[in-house]
Amino acid sequence: MKRLAAIAVLFCAAGSAAGAETFETWRNNYGLPGLLDMPNALSFPDADLSVTDAYFGGTNRLTGSFQILPRVTGSFRYTRIENFRGGTTGRDTNYDRSFSLHLKLLEEREYRPALAVGVNDLIGTGLYASEYLVATKHLTPRVRVSGGLGWGRLASNNGFTNPLGVLNENFETRPARTTGVGGEAEFDQFFRGDAAFFGGIEVRATDKLGFAVEYSSDVYSFEDGPTFDYRSPWNFGLRYALRDGVNLTASYMYGSEVGVNLTFALNPKNPPYYGGGDAAPYPVTPRGEVDAEALGWTLDDGGATATDQLAEVLEAEGIFLHGLSIQGGTARVEIENNRWRANAQAIGRTARILTASMPASVDTFVIVPMVTGLAGSQVTIRRADMEELAFSLDNFWESYARAGIAPVTQGPAPRPGTYPRFEYDISPYLQPSLFDPDAPVRLDAGVQLKATAEPAPGVVLRGAVRQKVFGNLDESTRVSNSVLPRVRSETNIYERTGPLDLTDLTATYFFKPGRDLYGRVTVGYLERHFGGVSSELLWKPVDSSLGLGLEANYVKQRAFDQGFEFRDYETATGFASVYYEWDNGFEAQLDAGRYLAGDWGATLTLQRGFANGWKVGAYATLTDVPFEEFGEGSFDKGILITIPIDWARGDPTRQTFGYNLKPILRDGGARLTIRDRLYQRVNQNQRDALRNGWGRFWK
Amino acid sequence: MKPLASLSALAALALLAGCAAQPPFGAFRAGLTQELVDTVDNPLLYVGVEGLGRESTVQPLQELDGVTTWRTPDGTSAISTRDGLVVSTRSLGDDLMAADIAGSVAASKGQGGGGYYPRFHTTLDGLSQPEFEAFQCRVSARTSEDIVILGRARASVRTDETCTTPGREVTNSYWRAADGTMLRARQWISEGVGVIITERLN
């Protein structure tokens with residue numbers, strides 16, 4: 001405790017030197033804000049997303065970190081330890097997944113250090129189970145010191161009686177871990193048992209170069225000996241900024257090993273191509289300059305020529321003209337946005353084109369953005385406002401405030417010749433499989449053919465076949481030990497058959513049974529493992545942040561060969577869902593109901609969405625399957641990430657890269673994978689989503 | 001709808017980012033000759049985007065409430081001007097989405113009075129939310145200057161304005177002919193676009 005007091009004095013003495021100036025937060029070997037192996041009390045910039053690969057002495061940690069909120073950092077880590085415990089567990093190499101949460105309690109002030117608390121290996125096997133409380137203070141804009149107390153693994157060097165024992169003597173003993181299969185948070189262990197001191201200093205020598213010295217409270221008792229020789233608690237590191245967001249650290253760890261740490265960081269808020277290279281939109285045309293005769297409105301063909309011309313111009317902008325009707329002074333225009341990330345941008349471009357193509361008698365545009373026959377809203381824009389606001393300084397807000405976003409007043413009215421529609425696409429595919437201890441990364445690559453036909457509005461026939469070209473997913477010979485119906489745990493058997501797979505073949509009908517109501521019925525081969533009937537009903541008012549859904553399915557398990565045959569297992573599965581979106585971009589979804597293996601429970605999904613299409617989130621499912629029966633991991637959970645391709649590439653496209661990172665695939669809490677779920681289709685054209693994208697209305 | 005076809009006359013001259021090998025900035029401007037310009041009936045404006053190293057000529061496509069929107073021959077990029085001052089750009093990435101430049105217009109015509117006046121820029125941040133930048137500007141120099149455009153000397157009055165925010169200071173320059181035509185201008189647009197040079201070619 002004397003040492004702590006000394007550090008406290010140091011912080012106070014340094015107060016006057018610091019001020020608000022600081023330097024970039026470094027990532028330690030756990031991908032957390034910190035020095036080398038130890039954490040500090042800082043956080044990353046809000047929304048910062050990074051991957052850290054750190055290696056020393058036979059331990060490799062690959063960590064993904066996300067600054068969930070300005071003060072909350074979350075990390076998911078995959079660790080590989082060579083010669084673990086001398087191979088006595090039957091495997092020389094140990095693979096472990098762990099999750100950490102780091103919370104900044106206090107911001108740094110002139111005379112006060114930043115203070116943070118953290119928990120490592122929150123719901124894993126407990127290999128890294130530890131907690132810490134740490135303070136960090138900048139002494140000068142280029143020097144900062146950190147000191148903290150660690151518990152659990154972080155108290156293995158010179159541990160002393162837990163000072164929290166002052167509060168309750170139960171803190172002085174750390175109970176043994178009880179979990180056999182991992183996955184449970186052992187709250188009764190947190191901050192209990194001996195504590196130990198750690199700390200260090202970081203110096204930013206130049207803009208590119210920095211160094212750190214730390215005193216570690218982790219003696220690596222599992223690894224010492226077989227994996228590497230622990231000799232000293234002192235670690236030394238040299239850090240170099242290779243380029244913006246890429247850092248390399250070389251270190252001398254625990255008196256015996258050389259380490260490297262390579263970090264890549266990006267921030268969804270900072271696209272590499274600022275603003276994007278979207279081609280200039282058509283400018284607003286004054287109403288008086290529109291020549292109705294030249295456009296074809298005066299021809300005796302009911303406006304067909306003029307409409308076709310409008311459709312062509314919209315098509316060049318990546319917008320499909322689904323329907324057009326002019327009644328009195330109002331033009332009702334149904335569109336499908338095929339190019340722009342923000343539907344508001346497609347609406348803005350459509351409105352500008354309409355100023356140049358509608359006869360002067362039209363004074364109001366009603367633009368109906370549609371997705372597979374469903375319209376989430378209709379947007380009413382006055383023609384005069386387009387002219388008045390085109391070059392106004394605050395035209396984003398002004399045009400949003402004047403646009404009427406309301407429920408649709410009539411069903412789809414496609415223009416003649418729109419249906420039937422047919423589309424197909426041949427593209428390569430990649431399918432990875434991660435975290436199998438026998439081979440942490442497996443991958444299949446091949447070609448897939450997808451086809452879609454729409455015979456009438458809202459009716460979508462869809463199918464896809466895949467031909468694997470090469471890959472090793474079929475090498476997984478792991479035999480399922482599941483005691484539940486094997487709805488997912490025999491995925492590897494599906495990978496062994498083929499090579500031509502029918503991944504899905506469905507007929508779907510989307511419809512609108514009432515105001516604020518949306519419906520879907522799908523029949524066919526719904527996904528790779530199940531076929532049957534799926535139906536859904538969604539209530540989602542245009543101006544509401546709340547949505548409610550019901551889903552009911554009856555499915556049968558598909559045969560391993562991915563053809564038309566079925567296996568014997570059949571089940572009913574369904575959910576009641578609540579969707580909610582906060583103003584800061586966070587979205588929650590709670591689904592409660594019956595899962596594929598017949599288990600009952602609920603899934604909570606939390607995602608942070610960004611107006612440019614990024615999403616980062618996580619989900620967890622708890623069902624009535626006991627943890628022991630569920631098997632490794634105790635319950636189903638995962639991390640979700642969606643990356644908009646236009647963000648990375650700079651030119652407009654609606655394509656995204658989405659990934660569901662599931663540490664373990666088991667049979668409990670499993671849901672059908674249905675591509676046609678309603679919420680995203682509807683929500684993207686409603687008030688909140690349109691408002692978030694309205695900045696691009698004039699882009 | 002106005003046909004874009006008339007703009008294709010100069011298509012061969014368009015040099016935009018995306019071309020495989022981008023020539024050095026200024027090469028395109030140096031290659032413009034009176035003979036080439038004479039083939040165009042419409043008003044023709046040279047636009048050089050210093051920050052991106054991109055250059056092109058543009059012709060007017062649309063006029064609305066005193067703002068002219070000019071387009072590159074390939075139709076990809078656009079720039080809008082009021083009284084010769086840039087009020088918006090498109091397809092340059094960190095575009096100027098809108099601007100209030102009433103004070104700068106007056107200053108460039110010698111009507112400012114001599115005190116400070118505001119200038120506002122609207123751009124989009126990384127999440128496409130509008131950001132506003134409010135400058136305080138004042139005229140820092142106003143002199144007669146003969147400038148040469150396509151080998152022809154033109155009499156002009158040059159106005160320099162210095163505009164500051166807490167975060168930056170920029171200088172814009174305007175060269176106006178006696179009849180009020182903006183012959184040349186050099187204006188700071190945004191962080192990503194940098195300075196845009198415009199020059200009236202006919």
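The values are calculated or read from the model by the stated rules, or taken from the named source; none is laboratory data. All values reported here derive from a predicted model rather than from experimental measurement. Every residue, glycine among them, receives a Cβ derived from its backbone with ideal geometry; neighbour counts consider all protein chains shown. Areas reflect the complete protein model, heavy atoms only, side chains present, ligands, DNA and RNA absent. Shrake-Rupley method; radii C 1.70, N 1.55, O 1.52, S 1.80 Å.
Test A:Tyr274 against the criterion of being within 14 Å of chain B (Cβ to nearest Cβ) and modelled with pLDDT of 90 or more, and give yes or no.
For A:Tyr274, the condition - within 14 Å of chain B (Cβ to nearest Cβ) and modelled with pLDDT of 90 or more - is not met.
Name the residues in region B:106-130 that are in contact with a Gly (Cβ under 9 Å, 6 or more places away or on another chain), within 13 Å of chain A (Cβ to nearest Cβ) and surrounded by fewer than 18 Cβ atoms within 10 Å (Cβ to Cβ), would you?
B:Pro118, B:Asp125, B:Gln129
Has region A:632-655 got at least one residue that is small (Gly, Ala, Ser), under 29 Å from A:Ile347 (Cα atoms) and surrounded by fewer than 20 Cβ atoms within 10 Å (Cβ to Cβ)? Explain how you work it out, then say what you get.
Within region A:632-655, the subset small (Gly, Ala, Ser) is A:633-634, A:638, A:648, A:650.
Still in the list and also under 29 Å from A:Ile347 (Cα atoms): A:648, A:650.
Still in the list and also surrounded by fewer than 20 Cβ atoms within 10 Å (Cβ to Cβ): A:648, A:650.
Among the residues of region A:632-655, at least one is small (Gly, Ala, Ser), under 29 Å from A:Ile347 (Cα atoms) and surrounded by fewer than 20 Cβ atoms within 10 Å (Cβ to Cβ), which makes the answer yes.
For A:Lys556, which of the numbered conditions (1) under 23 Å from the mean Cα position of the chain (by Cα); (2) open to solvent by 20 Å² or more (accessible area, probe 1.4 Å) fails to hold?
Unmet condition: (1).
Limited to region A:369-425, what total is found for residues that are among the aromatic types (Phe, Trp, Tyr) and within 20 Å of A:Ala331 (Cα to Cα)? Steps first, please.
At the first step, the residues of region A:369-425 found to be among the aromatic types (Phe, Trp, Tyr) are A:391, A:396-397, A:400, A:419, A:422, A:424.
Narrowing the set further to residues that are within 20 Å of A:Ala331 (Cα to Cα) leaves A:400.
Summing the residues that are among the aromatic types (Phe, Trp, Tyr) and within 20 Å of A:Ala331 (Cα to Cα) in region A:369-425 gives 1.
Tell me which residues, restricted to region B:83-105, are more than 10 Å from chain A (Cβ to nearest Cβ), part of a strand (DSSP E or B) and touching a Phe, Trp or Tyr at 6+ places or on another chain (Cβ under 8 Å).
Result: B:Leu85, single match.
Only residues that are under 30 Å from A:Trp340 (Cα atoms), at pLDDT below 95, touching a strand residue (DSSP E or B) at 6+ places or on another chain (Cβ under 7 Å) and in a loop (DSSP other than H, G, I, E, B): list them for region A:611-640, please.
A:Asn612, A:Gly613
Can you go through A:Lys104, A:Lys137 and tell me which one is in contact with a helix residue (DSSP H, G or I) (Cβ under 7 Å, 6 or more places away or on another chain), surrounded by 21 or more Cβ atoms within 10 Å (Cβ to Cβ) and touching a residue at least 40 places away in the same chain (Cβ under 8 Å)?
Numbers: A:Lys104 fails: in contact with a helix residue (DSSP H, G or I) (Cβ under 7 Å, 6 or more places away or on another chain).
Criteria check complete, one pass: A:Lys137.
Take the conditions touching a strand residue (DSSP E or B) at 6+ places or on another chain (Cβ under 9 Å), closer than 18 Å to A:Pro39 by Cα, outside the structural domain of A:Glu628 (by TED's automatic domain parsing) and among the small types (Gly, Ala, Ser) and apply them to A:Gly193. Does it pass?
Considered against the rule, which asks whether it is touching a strand residue (DSSP E or B) at 6+ places or on another chain (Cβ under 9 Å), closer than 18 Å to A:Pro39 by Cα, outside the structural domain of A:Glu628 (by TED's automatic domain parsing) and among the small types (Gly, Ala, Ser), A:Gly193 comes out as no.
Which of the residues spanning region A:394-412 are in a loop (DSSP other than H, G, I, E, B) and either surrounded by 18 or more Cβ atoms within 10 Å (Cβ to Cβ) or outside the structural domain of A:Ala342 (by TED's automatic domain parsing) (or both)?
In the first step, residues of region A:394-412 are kept if they are in a loop (DSSP other than H, G, I, E, B); the result is A:394, A:403, A:407-412.
The answer is A:Ala403, A:Val408, A:Pro412.
All but one of (1) among the aliphatic types (A, V, I, L, M); (2) in contact with a Ser or Thr (Cβ under 9 Å, 6 or more places away or on another chain); (3) in a strand (DSSP E or B) hold for A:Ala572; state the number of the condition that does not hold.
(2)
Identify, from the list A:Arg442, A:Arg415, the residue that is assigned to a loop (DSSP other than H, G, I, E, B), more than 14 Å from chain B (Cβ to nearest Cβ) and in contact with a helix residue (DSSP H, G or I) (Cβ under 8 Å, 6 or more places away or on another chain).
Only one candidate qualifies: A:Arg415.
So the check is Cβ under 7 Å with 6+ separation or different chains; which pairs have a first residue in region A:433-445 that's in contact (Cβ under 8 Å) with a residue 60 or more places away in the chain and in the same structural domain as A:Arg97 (by TED's automatic domain parsing) and a second one that's assigned to a strand (DSSP E or B) and surrounded by 14 or more Cβ atoms within 10 Å (Cβ to Cβ)?
none
Please work out which one of (1) hydroxyl-bearing (Ser, Thr, Tyr); (2) under 25 Å from B:Thr165 (Cβ atoms); (3) open to solvent by 10 Å² or more (accessible area, probe 1.4 Å) is the condition B:Thr68 fails and give its number.
(2)
Read through the list (1) surrounded by 21 or more Cβ atoms within 10 Å (Cβ to Cβ); (2) more than 17 Å from the chain's Cα centre (by Cα), then give the number of the only condition that A:Gly613 fails.
Going through (1) surrounded by 21 or more Cβ atoms within 10 Å (Cβ to Cβ); (2) more than 17 Å from the chain's Cα centre (by Cα) one by one, A:Gly613 breaks only (2).
Looking for whichever is modelled with pLDDT of 95 or more, within 13 Å of chain B (Cβ to nearest Cβ) and crowded, with 22+ Cβ neighbours inside 10 Å here; the options are A:Ser357, A:Ser377. Which one fits?
A:Ser357
Just one of the numbered conditions (1) touching a Lys or Arg at 6+ places or on another chain (Cβ under 9 Å); (2) free of Cβ contacts under 8 Å to residues at least 40 places away in the same chain; (3) farther than 27 Å from A:Pro70 by Cα; (4) not basic (Lys, Arg) is not true of A:Tyr240; which one?
Of everything listed in (1) touching a Lys or Arg at 6+ places or on another chain (Cβ under 9 Å); (2) free of Cβ contacts under 8 Å to residues at least 40 places away in the same chain; (3) farther than 27 Å from A:Pro70 by Cα; (4) not basic (Lys, Arg), A:Tyr240 misses just condition (3).
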